[in-house]
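So the structure is just underneath, and the comments pick up after that.
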Amino acid sequence: MPSASFSGEESTITSSRADDVVTIVVVGEIDLANAHELDAELQQAEATDAKSIVLDLAAMTFMDSTGASTVFFASMRSSADSNRLRITRPPGAVMRTLEVAGLADALPFSSE
C-alpha cells in the first residue's frame, strides 16, 4: 500500500505500510468536516491483507462526536475482522471526548 495523505486546514491524515502493518497517523483535528477522510483511510487499510492496523492519535488536538463515531465504527469492523485495529492513545482533551462519549473503554488502545 503506497503512502496516502489528506491535508485540511486543521488536520493531516497520512497512511503508510511497512511489512504487515498499516499505520494511519492523524495530526490536528477530526470533526464533521473531515471525519469521512479518516473513515476512507481506515476502510482502505481494512481492505488490505495487513495483519495489523495502527491508528496513531497521539498528535491530535481535537475530536468531535463525528470523529469519535468514526473511530468507534472502525473498532467494531475490526472486532469482526480478526481484531487488527490498535489505537495509540490521544492527548488528554481528545481522550476526554472519547470518555464523555462512553467509548474509551470499548476501544482497542495499544499498551505501548
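Has the range 26-46 got at least one residue that is in contact with a Leu (Cβ under 8 Å, 6 or more places away or on another chain), closer than 17 Å to residue 12 by Cα and charged (D, E, K, R)?
Scanning the range 26-46 turns up no residue that is in contact with a Leu (Cβ under 8 Å, 6 or more places away or on another chain), closer than 17 Å to residue 12 by Cα and charged (D, E, K, R).
Six or more apart or on different chains, Cβ under 8 Å: which pairs go from a residue in the range 93-112 that's under 12 Å from residue 54 (Cα atoms) and in contact (Cβ under 8 Å) with a residue 12 or more places away in the chain to one that's of a type outside the set (Ser, Thr, Tyr) and exposed (fewer than 13 other Cβ atoms within 10 Å of the Cβ)? Could you list them?
That search, which allows pairs on different chains as well, returns 108/83.
Restricting attention to the range 52-63, does a residue exist that is in contact with an Asp or Glu (Cβ under 9 Å, 6 or more places away or on another chain), closer than 24 Å to residue 10 by Cα, modelled with pLDDT of 95 or more and surrounded by fewer than 20 Cβ atoms within 10 Å (Cβ to Cβ)?
Within the range 52-63, one or more residues are in contact with an Asp or Glu (Cβ under 9 Å, 6 or more places away or on another chain), closer than 24 Å to residue 10 by Cα, modelled with pLDDT of 95 or more and surrounded by fewer than 20 Cβ atoms within 10 Å (Cβ to Cβ).
Please specify each residue of the range 64-102 satisfying the condition of being within 12 Å of the chain's Cα centre (by Cα), among the small types (Gly, Ala, Ser) and surrounded by fewer than 17 Cβ atoms within 10 Å (Cβ to Cβ).
Scanning the range 64-102 gives a single hit, 69.
Scan the range 4-24 and give yes if some residue there is touching a residue at least 24 places away in the same chain (Cβ under 8 Å), of a type in the set (Val, Ile, Thr), buried (at least 19 other Cβ atoms within 10 Å of the Cβ) and out of contact with any Leu (no Cβ under 7 Å at 6 or more places or on another chain), otherwise no.
Within the range 4-24, one or more residues are touching a residue at least 24 places away in the same chain (Cβ under 8 Å), of a type in the set (Val, Ile, Thr), buried (at least 19 other Cβ atoms within 10 Å of the Cβ) and out of contact with any Leu (no Cβ under 7 Å at 6 or more places or on another chain).
Among (1) out of contact with any strand residue (DSSP E or B) (no Cβ under 6 Å at 6 or more places or on another chain); (2) farther than 18 Å from residue 32 by Cα, there is one condition residue 68 misses while meeting the rest; what is its number?
It fails just one condition, (2).
The values are calculated or read from the model by the stated rules, or taken from the named source; none is laboratory data. This is a predicted model, so every value here is computed, not measured. Because the Cβ atoms are built from the backbone with ideal geometry, glycine has one as well, and the counts that use them run over all protein chains shown.
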